[in-house]
Each structure stands twice: as structure tokens, then as C-alpha cells.
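The values are calculated or read from the model by the stated rules, or taken from the named source; none is laboratory data. Being a predicted model, the structure only gives us computed values, none of them experimental. Using ideal geometry, Cβ is built from the backbone for each residue, glycine included, and neighbour counts are taken over all protein chains shown.
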Amino acid sequence: RDVERDLALGLESGGIVLWYQPIFTAGGELHSFEALLRWLHPRHGWVSPEQIVHAAAATGLARRLLSHVLTQVCLAARQLDAAGMGHLPLAVNVSPREMAHLDVDDLVLDTLQRHGVPPRRLQLEITEEVALNAESTQGKLARLAATGVAISIDDFGVGYSSLASLRGDHVRQVKIDRSFISGLDASRDNRLLVGTILQMGRSLGIDVVAEGVERVEELMALRALQCRLMQGYHLCRPAPLDEIVHAR
Ligand code: G
Ligand code: G
Ligand code: MN
Ligand code: NA
């Protein structure tokens, strides 16, 4: 396929980039950024991150793609430093396959060191499935967590074993899956579930982010539940870092 064939070129030519979506505090302050892959293919238009990750795996470029993502994020961290936002962490999504097959720990720690970015500036977003995975994955996560990289459970609540993924002390943050946030104001069940996850976070000392906030009514419902951290189109859409930094 064209996408697979053009992947290496996209990585080299700068066509495959990262956009950033902020996470905000309830008071509207910037808290952190999530990095999201974007590729505008000259003939096929936008290629989704899932397609990019899949194409990389199919063509033996998985490690190069992750390396590219981590490098771009380190450069973004330095750009934030220069803009007076040097305290804000950046989050990278790591797929189950990347986590299982790649030396994610070495790659992360080497890239951070090469760019002089302290590990506490970086968060890894993994899914519950990954958090529960094989011993080799556990070892990688433990090593990263020990150096200060924050582990965040993405899409929390829809995996097959939400609570077990929080056992142990690796996990610093959970992001409540957007299916719980959508229509929060109109669903008592979702309000009860989100409230329970927030309470659980407070008990365990884990940050809880509500993702996929698309409407002001959802934002108000989250505030009423004392939710502290939020992300979503209603607050800010993903965009190139320049645009976000200049808008502030
Ligand atoms: O940005 P968007 O909503 O299109 O992302 C779709 C999916 O792709 C999400 O599940 C997101 O976590 C994932 N994704 C985005 N960027 C990356 C990346 O750099 N690496 C991996 N592995 N997944 C990513
Ligand atoms: O799986 P993950 O949570 O990493 O997915 C992140 C994806 O969600 C990104 O591709 C981003 O573009 C998308 N996203 C961010 N905010 C919203 C939102 O408010 N609504 C929807 N539907 N998607 C969102
Ligand atoms: Mn994510
Ligand atoms: Na998510």
C-alpha cells in the first residue's frame, strides 16, 4: 500500500508530525499536553495514527516511528522551556504492540538524556491491557516509573480489568474514557461512575483526567463532581505546538 511505502519518506521529510492537545485544570490553567501523531499524505489525505502505527509495524519501522515521536516530543519540551512553560509535562501514547515488542524503556531514557529533558517531564499513556501485560512489560514500566516517567492509564474504564491495572505503585494518572464523559449531564449512571473513579483516584493518590469534554454542560457536570483535570474539543482541539503556545 502507498501508506506503507511512503512511511519512511514521511518520517524523514517531516511529513509525519505531532500535534498537541492540552489538559487543563478545572480553573483553566494548562496542566500538560498530549502528543498526537498527524500525517497529511500528499495523495491520501489525513492518515490516522492507528494506520501510521500499523503501517510501521508492517514494514519493520516500529522502532523508528517511536523514536521519531519521542524525539519530536523532546524538541517540543525544549520549545516549551523557551516559552516559559518548562514545568508542563508532555504525554506520549504507546500502543500495546509497541510496549510488548520494543525496548521502550531504553528508547525513552536514551532520547530524554540526549535532549536534556528530565524524565519527570514525560508521561506515557498506555491502556489497561498493557498495564496488565506480561512480566517483560511490567519490568519496562517499573524501570521508567523509577526514573520519574509518569505512567498514565488511557481510556480508563472500558478495558477488561480496570482495577487490577492500578495495583502496585507505577501508575500516576488515569484518563477516564470519553464514553463516560459524553452526555455526562444527562446520565446519572455516568455521573455516579465518574464520581466513583474520582473518589478512587483521591484514595489512591492518582490524578484523574476526564477526556473527551465536548460540551459546556459536560464541563459543568465535571466541576460539580470536583474533577480537577480535563481535556477535550470544548477546551482545545489538537493543534501544532506553535499555535497553542502563541495563543497563550
Ligand atoms: O489523535 P486521534 O484521536 O486521531 O488518535 C487516535 C488514536 O491514536 C488514539 O487512540 C491515540 O491514543 C492514538 N495515537 C495518537 N498518537 C499516537 C502515537 O504517537 N503513538 C501511538 N502508538 N498511538 C497514538
Ligand atoms: O485513545 P486516546 O485517548 O489517546 O485518543 C486521543 C484522541 O481523542 C485524539 O486523536 C484526539 O484527537 C481525540 N479527542 C480529543 N478530544 C476529543 C473530544 O473532545 N472528542 C472526541 N470525540 N475526540 C477527542
Ligand atoms: Mn491518549
Ligand atoms: Na484516551
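Is it fair to say Gln123 is in contact with a helix residue (DSSP H, G or I) (Cβ under 9 Å, 6 or more places away or on another chain), within 30 Å of Gly10 (Cα to Cα) and among the polar types (S, T, N, Q)?
Numbers: in contact with a helix residue (DSSP H, G or I) (Cβ under 9 Å, 6 or more places away or on another chain): no; within 30 Å of Gly10 (Cα to Cα): yes; among the polar types (S, T, N, Q): yes.
So Gln123 fails the test.
Return yes or no: is Glu135 out of contact with any helix residue (DSSP H, G or I) (no Cβ under 9 Å at 6 or more places or on another chain), charged (D, E, K, R) and closer than 21 Å to Leu229 by Cα? Give the derivation first.
Numbers: out of contact with any helix residue (DSSP H, G or I) (no Cβ under 9 Å at 6 or more places or on another chain): yes; charged (D, E, K, R): yes; closer than 21 Å to Leu229 by Cα: no.
No, not satisfied.
So that you can scan it fast, the table gives a plain yes or no per residue for (1) within 15 Å of ligand 2 (Cβ to nearest atom); (2) modelled with pLDDT of 95 or more:
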position: Arg43; (1), (2): no, no
position: Glu50; (1), (2): yes, yes
position: Leu61; (1), (2): no, yes
position: Cys74; (1), (2): no, yes
position: Leu90; (1), (2): yes, yes
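Condition test on Leu144, is it within 15 Å of ligand 1 (Cβ to nearest atom) and at pLDDT 95 or above? Write out each step before concluding.
Values: within 15 Å of ligand 1 (Cβ to nearest atom): no; at pLDDT 95 or above: yes.
Against the criterion (within 15 Å of ligand 1 (Cβ to nearest atom) and at pLDDT 95 or above), Leu144 does not qualify.
Taking helices (runs of 4 or more DSSP H) that do not extend beyond the stretch 1-87, which have at least 2 residues that are away from ligand 1 (no atom under 16 Å from the Cβ)? Working first, answer last.
On the way: elements: 2-13, 49-58, 62-82.
Passing ranges, in order: 2-13, 62-82.
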